[in-house]
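Novice: Questions regarding the structure given below will be posed in turn.
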Amino acid sequence: MLQRRLIPVPALADNYIWLLAENNQCLIVDPGEAPPVLAALRRERLTPTTILLTHHHPDHIAGVAGLLATYPGLPVIAPDDERIATATRRVGDGERVHIDAPRSDFEVIGIPGHTRSHIAFFGARVVFAGDTLFSVGCGRMFEGTPPVMLASLDRLSQLPGDTLLCCGHEYTLANCAFALSVDAGNADLQQRAEQARALRSRGEPTVPVTLELEHATNPFLRVDAPAIRASCAQAIGAAAAEDRVTRFAWLRREKDGFRAST
Ligand SMILES: [Zn+2]
């Protein structure tokens, strides 16, 4: 039997559509457009069996109709949100998704914050996290508040360290620039930034990445780390920085306004 493969398909400006393949069959996660997926399926000689969706944003679902035109009847498993009209099954936190081929069992994890119905699919040491957790960063809070988003990140953070994070965008380089501004002395982060620069200069993706490396480098998973606490205390005062939700909200706000000086 051939090995199971995770294939990031670049799409739109900086999205990744994920394929999880075994033998000649695959799952498709978050198809924001159809053409690059159809090309990848042809190139890799894969037949899709199921589409998984993490949230309703067009850059994650707009390709579903085009895929169904070529592969009618593909199941579309999505969060319980009426804004996703193509769903054939709607799932929420705590539900399990079993797929026959490639044989997989996913746990659905509710991770609201970027959107109110955002979910992740976790199974077989892989998590499809959409736009909630990025490598060295996190999503914007379009439909959630800091405590809600932080609770979602905490849940992803508790998955095993060898879990591979598959996220919806290639944002790692920009995220490293921000992370270094609040966690400058972090040797793991410096190394990750170098590695990401080298990968991107060769046109290669920086993901998937282990959660273990994210724990060491991602400021949004490091709200309790002494270096992040110190940066926050310096910016908003030691008393305010005592509260971890306040530290997270400060980080997210800083990231929103951050422009790399290069
Ligand atoms: Zn999104």
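Novice: Where Lys and Arg each count +1 and Asp and Glu each count -1, what net charge lies around Pro160 among other residues with Cβ under 10 Å from its Cβ?
Specialist: Surrounding charge for Pro160 is -1.
Novice: While we're here: Modelling each spin label as a point 7 Å along the Cα-to-Cβ direction, I'd like the His215/Arg43 distance in nm, to one decimal.
Specialist: 3.4 nm
Novice: Quick one: of the DSSP bridges fully inside the chain, what percent are antiparallel, nearest 5?
Specialist: Roughly 65 percent of the beta bridges in the chain run antiparallel, per DSSP.
Novice: I've got another one for you. Determine which residues of the range 142-164 fall in the zone a paramagnetic label at Asp243 would reach in this model, i.e. backbone nitrogen under 18 Å from the point 7 Å along Cα→Cβ.
Specialist: The answer is 144-152.
Novice: Return a whole-number percent for the relative contact order of the range 188-262, with Cα pairs under 8 Å and 6 or more residues apart as the contact set.
Specialist: That works out to 21 percent.
Novice: Out of the DSSP beta bridges found with both residues in the range 116-262, what percent are antiparallel (nearest 5)?
Specialist: Roughly 65 percent of the DSSP beta bridges within the range 116-262 come out antiparallel.
Novice: Further question: Please sort by residue number the trypsin sites (Lys or Arg not before Pro) in the range 154-262 whose DSSP state is loop and whose Cβ has at most 10 other Cβ atoms within 10 Å.
Specialist: Of the trypsin sites (Lys or Arg not before Pro), the ones in loops of the range 154-262 whose Cβ has at most 10 other Cβ atoms within 10 Å are Arg202, Arg259.
Novice: So, one more: So, counting K/R as plus one and D/E as minus one, what does the shell of residues with Cβ under 11 Å around Val182 add up to?
Specialist: It works out to a net charge of +2.
Novice: Let me ask something additional. Give the Rg/Rh ratio for the range 72-206, taking Rg as the radius of gyration of the Cα atoms and Rh as the Kirkwood radius, to two decimals.
Specialist: Working: Rg = 16.4 Å, Rh = 16.3 Å.
Checking Rg against Rh, the ratio lands at 1.01.
Novice: Here's another thing I want to ask about it. At 7 Å along Cα-to-Cβ for each site, give me the label-to-label distance between Thr70 and Ala230 in nm.
Specialist: 5.2 nm
Novice: Right, another one. What dipole magnitude, in Debye to the nearest 20, does the range 19-141 give about its Cα centre under +1 on Lys/Arg Cβ and -1 on Asp/Glu Cβ? Mind showing how you got there, number by number?
Specialist: Details: 11 positive and 14 negative charges, 46 e Å.
Charge dipole of the range 19-141: 220 debye, to the nearest 20.
Novice: Only Lys, Arg, Asp and Glu count, each charged at its Cβ (+1, +1, -1, -1), so figure out the dipole size of the range 29-101 about its Cα centre, rounded to 20 debye.
Specialist: Numbers: 7 positive and 10 negative charges, 71 e Å.
For the range 29-101, the charge dipole is close to 340 debye.
Novice: As I understand it, the value is the acute angle between the Cα axis of helix 187-201 and the longest principal axis of the Cα atoms of the chain; what does it come to in degrees, rounded to 10?
Specialist: 40 degrees
Novice: If you don't mind, there's one more thing I want to ask. How big is the gap, in Å, between the Cα center of the range 201-222 and the Cα center of the range 89-166?
Specialist: So the separation of the two Cα centres works out to 16 Å.
Novice: Could I ask something else about it? If one takes the longest principal axis of the Cα atoms in the chain, at what angle in degrees, from 0 to 90 and to the nearest 10, does the Cα axis of helix 244-256 lie?
Specialist: Orientation of helix 244-256: about 70 degrees from the principal axis.
Novice: For a Förster distance of 51 Å, can you work out the FRET efficiency between the beta-carbons of Gln190 and Arg4, rounded to the nearest 0.05?
Specialist: On the way: r = 32 Å, r/R0 = 0.63.
Between Gln190 and Arg4 the formula returns 0.95.
Novice: Count the net charge of all other residues whose Cβ sits under 15 Å from the Cβ of Glu44, scoring Lys and Arg as +1 and Asp and Glu as -1.
Specialist: +4
Novice: Between Glu143 and Asn23, with labels modelled 7 Å along Cα→Cβ, what's the label distance in nm to one decimal, could you check?
Specialist: My value for the distance between the label points is 3.8 nm.
Novice: Rounded to the nearest 10 degrees, what's the angle between the helix 172-182 long axis and the longest principal axis of the chain, both from Cα atoms, 0 to 90?
Specialist: Helix 172-182 sits at roughly 20 degrees to that axis.
Novice: If you average the sequence gap of Cα pairs under 8 Å that are 6 or more apart and divide by the length of the range 62-148, what percent do you get for the contact order?
Specialist: Result for the range 62-148 is 18 percent.
Novice: Of Pro36, Pro219, Pro79, which is the most mobile in a GNM of the chain whose springs link Cα atoms less than 10 angstrom apart?
Specialist: Pro36
Every number here is computed from the coordinates shown, using simple stated rules; none is lab data. All figures in this text were calculated on a predicted structure; none of them were measured in a lab. A quick note on method: Cβ atoms are made from the backbone with ideal geometry, for glycine too, and the neighbour counts reach across all protein chains shown.
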